[in-house]
Amino acid sequence: MDCIFCKLANGEIATDMVYEDENVAAFRDMNPVTPVHILVVPKKHYESLEAIPFEEMDIVSDIHKAIRKIAKQEGFAEDGYRVINNCGEHGGQEVLHIHYHLLAGKPLTKLVTD
């Protein structure tokens, strides 16, 4: 498999990793749209939210637990943050590995769009 997020999450490509556990990895986005822009991904490959079998949906909970830990660790939990998951082509998903954009570092009053 030639998935860039799999390679980043599993340490095959160097990245600015901010969080890692058995199931989840999080690293800074190379093209941030806010002062804090972190990508949170499962280490196991799933193309999108729709591709996760129902019996494996615990990974979504693991990701959200990691997001809360990261927000506290990075110091923006109290100020607030935005979590975005783009699902599928029409949802704006560009990399076919489920990932969550964790955005913070400034007031976010409207959606960040292209």
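The values are calculated or read from the model by the stated rules, or taken from the named source; none is laboratory data. All figures in this text were calculated on a predicted structure; none of them were measured in a lab. Neighbour counts run over all protein chains shown; Cβ positions are idealised from the backbone, glycine included. The accessibility values were calculated without ligands, DNA or RNA, using every heavy atom of the protein model including side chains. Shrake-Rupley method; radii C 1.70, N 1.55, O 1.52, S 1.80 Å.
Among strands (runs of 3 or more DSSP E) lying entirely in the stretch 17-109, which contain 1 or more residues that are under 19 Å from Cys3 (Cβ atoms) and under 12 Å from the mean Cα position of the chain (by Cα)?
Per the criteria, 17-20, 24-28, 36-42, 100-104.
Against the test of being surrounded by 15 or more Cβ atoms within 10 Å (Cβ to Cβ) and free of Cβ contacts under 8 Å to residues at least 60 places away in the same chain, the options Ile84, Ile63 yield a single qualifying residue, Ile63. Filtered by the rule that a residue be part of a helix (DSSP H, G or I) and open to solvent by 30 Å² or more (accessible area, probe 1.4 Å), the stretch 5-16 gives a lone residue, Lys7. So the check is Cβ under 8 Å with 6+ separation or different chains; which pairs have a first residue in the stretch 93-104 that's over 16 Å from Gly80 (Cα atoms) and charged (D, E, K, R) and a second one that's open to solvent by 10 Å² or more (accessible area, probe 1.4 Å) and in a loop (DSSP other than H, G, I, E, B)? Within 8 Å, the pairs are Glu94/Asn86. Being aromatic (Phe, Trp, Tyr) and either in contact (Cβ under 8 Å) with a residue 24 or more places away in the chain or open to solvent by 50 Å² or more (accessible area, probe 1.4 Å) (or both), is that true of even one residue in the stretch 18-41? Within the stretch 18-41, one or more residues are aromatic (Phe, Trp, Tyr) and either in contact (Cβ under 8 Å) with a residue 24 or more places away in the chain or open to solvent by 50 Å² or more (accessible area, probe 1.4 Å) (or both). When the test is whether a residue is of a type outside the set (Lys, Arg), open to solvent by 30 Å² or more (accessible area, probe 1.4 Å) and modelled with pLDDT of 95 or more, Asp2 does not pass it. The set of residues in the stretch 70-81 that are open to solvent by 40 Å² or more (accessible area, probe 1.4 Å), in contact (Cβ under 8 Å) with a residue 12 or more places away in the chain and out of contact with any helix residue (DSSP H, G or I) (no Cβ under 7 Å at 6 or more places or on another chain) comprises Gln73, Glu74, Asp79.
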